[in-house]
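I have placed the structure first, in the form of structure tokens, so that the comments after it can refer back to it.
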Amino acid sequence: MQPTYSAEGEAYREKVQAFLAEHLPTGWHGIGQLEGEELERFIREWRHTLYEHGYLAPGWPQEYGGAGLSALEQVILAEEMTKAGVPTGGFNDVFGIQMLGNTLRMWGTDEQKAHYLPRILSGEDLWCQGYSEPNAGSDLGNLGCRAVLDGDQWVINGQKVWTSAGHLADHIFVLARTDADAPKHKGISFLLVDMRQPGVEVRPIRMISGQSEFNEVYFTDATCPKDEVVGGVNNGWAVAMTLLGFERGESAATMPIRFQAELDRLIALARERGLADDPIIRQRLAWCWSKVRIMRYLGLRTLTKFLAGHHPGPDGAISKLYWSEYHRVATELAVDILGADAMVPTGRPPSSAFQSDDAGAPNSSASWAMTFLNARAGTIYAGTSQIQRNILGEMVLGLPKEPRAEAATWAEQQRAKV
């Protein structure tokens, strides 16, 4: 673990800080200050600013519209943006840039790269992810959404669920079953589908917080061109795993910053409520403080590996399991501090259902109560805690896998369930 940066890295940090000082409003404290239309307008305008200066996909080569930054420069850029309380992209960019864009750079044809990468960066195409299904969540290989080749196009029928930001997207990358007579992980293809057609229906899912960031997507004879397969027909599982592996090293550096800022707000909340001297509250706050410090050291270890060229594999499950379980406990403490006020939340709610509230957010009961509800989902989305533990046990610690008696092909498995 290397906890310090080189002189060259610190020089680049000063450059990023100067960029932020030039382009952010005077008195800026983070997007947590904003809500509603004002928040949406700022994110759109900020995304355009990043795009103009090559900071939207900083690690991409310049030929694809990126800045060609080194891994260290990317991490520093992400750190400083997190500290400043500004996003590193706009709506759906985590799917378009981080996931699909990076996957296309590795698996896409020259034609796919030339067509899609510029449109992803410009914002002309907004993407979402079509992976999970009602019967294929943790067991993603069991997916049953079918795609059948009919002449020069794929005809798609089936359903996806928990499609984050699907209501904002106009394109979706879909894992579809293209060979039911192959073993379940081998008969899958990765398709690029335009959602602006009659055969695609998006239905928002109302969450416990009242928000609808997740969706169901239904395909009824939807189509996509024959050549809109990434990585080859029936090779979609390998492509899908590549995409899931794009947990950028910068998250190892930025996540501890976000959770430390949230913990600072939690301590301030305890003081505001006159509970900072309560021995039980103090003990629980100390537990949170120790966990966030461990998160920082875990991040530094991951970051050191990332800068050395190691991209997270199964060991990435450590971070996901750690922060999601921590956040569940920390937000329980916030609700306990709020007391009865948590049952009738008021004020600005979180602007996102994922992880902590934004930098600069007020200590409103709505911010904490809704974050508490969202934290429950954090132990489920992107792989449940149970699945993360299985990954760590089997693929990191080398423990024996649970015995399974499975039929040879996906179709045989489905018939066996009847």
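Side notes on the structure shown:
- Set side by side, the residues Arg203, Arg196 differ, and just one is at pLDDT 95 or above, under 30 Å from Ala375 (Cβ atoms) and not acidic (Asp, Glu), which is Arg203.
- Scanning region 360-375 for residues that are assigned to a loop (DSSP other than H, G, I, E, B) and surrounded by fewer than 22 Cβ atoms within 10 Å (Cβ to Cβ) returns Gly360, Pro362, Asn363, Ser364.
- Selection from region 376-402 of residues that are within 13 Å of Gly137 (Cα to Cα), touching a residue at least 40 places away in the same chain (Cβ under 8 Å) and in a loop (DSSP other than H, G, I, E, B): Tyr381, Ala382, Gly383, Thr384
- Residue in region 340-352 that is among the acidic types (Asp, Glu) and more than 24 Å from Pro256 (Cβ to Cβ) present: yes
- Only one of Ala330, Ala411 that is open to solvent by less than 30 Å² (accessible area, probe 1.4 Å), of a type in the set (Gly, Ala, Ser) and over 25 Å from Pro134 (Cα atoms): Ala330
- Looking only at residues of region 303-324 that are hydroxyl-bearing (Ser, Thr, Tyr) and under 16 Å from the mean Cα position of the chain (by Cα), we find that the one that is farthest from Met395 (Cα to Cα) is Ser324.
- Selection from region 306-348 of residues that are among the aromatic types (Phe, Trp, Tyr) and under 22 Å from Ala377 (Cβ atoms): Tyr322, Trp323, Tyr326
- Of the residues screened, Ala268 is not one that is of a type outside the set (S, T, N, Q), surrounded by 14 or more Cβ atoms within 10 Å (Cβ to Cβ) and over 28 Å from Thr4 (Cβ atoms).
- When region 270-324 is filtered for residues that are among the aliphatic types (A, V, I, L, M) and outside any helix (DSSP H, G or I), the ones remaining, listed by number, are Leu275, Ala276, Ala308.
- All positions within region 40-57 that are crowded, with 16+ Cβ neighbours inside 10 Å and of a type outside the set (Ser, Thr, Tyr): Phe42, Ile43, Trp46, Arg47, Leu50, Gly54, Leu56, Ala57
- In summary, Ile391 fulfils each of the numbered conditions (1) farther than 24 Å from His29 by Cβ; (2) of a type in the set (Val, Ile, Thr); (3) touching a Pro at 6+ places or on another chain (Cβ under 6 Å); (4) open to solvent by less than 30 Å² (accessible area, probe 1.4 Å) with the single exception of condition (4).
- Flag for Val344 being open to solvent by 40 Å² or more (accessible area, probe 1.4 Å) and on the phi < 0 side of the Ramachandran plot: yes
- Residues in region 293-307 include at least one that is crowded, with 20+ Cβ neighbours inside 10 Å, touching a Pro at 6+ places or on another chain (Cβ under 8 Å) and among the polar types (S, T, N, Q).
- Ala353 vs. criteria part of a helix (DSSP H, G or I), among the hydrophobic types (A, V, I, L, M, F, W, C) and crowded, with 19+ Cβ neighbours inside 10 Å: no
- Scan region 144-170 for residues that are part of a strand (DSSP E or B) and either more than 22 Å from Phe214 (Cβ to Cβ) or open to solvent by less than 10 Å² (accessible area, probe 1.4 Å) (or both) and the total you get is 10.
- Filtered residues of region 115-130 (kept if more than 19 Å from Glu52 (Cα to Cα) and open to solvent by 10 Å² or more (accessible area, probe 1.4 Å)): His115, Gln129
- Test: Gln112 is in contact with a Phe, Trp or Tyr (Cβ under 6 Å, 6 or more places away or on another chain), outside any loop (DSSP other than H, G, I, E, B) and at pLDDT 95 or above: no
- Top-ranked residue of region 5-39 - restricted to ones that are assigned to a loop (DSSP other than H, G, I, E, B) and open to solvent by 90 Å² or more (accessible area, probe 1.4 Å), ranked as farthest from Ala261 (Cα to Cα): Thr26
The values are calculated or read from the model by the stated rules, or taken from the named source; none is laboratory data. Since the structure is predicted, the reported quantities are computational estimates derived from the model, not experimental observations. Don't worry about glycine lacking a Cβ; one is built from the backbone with ideal geometry, like all the others, and counts go over all protein chains shown. The accessibility values were calculated without ligands, DNA or RNA, using every heavy atom of the protein model including side chains. Shrake-Rupley method; radii C 1.70, N 1.55, O 1.52, S 1.80 Å.
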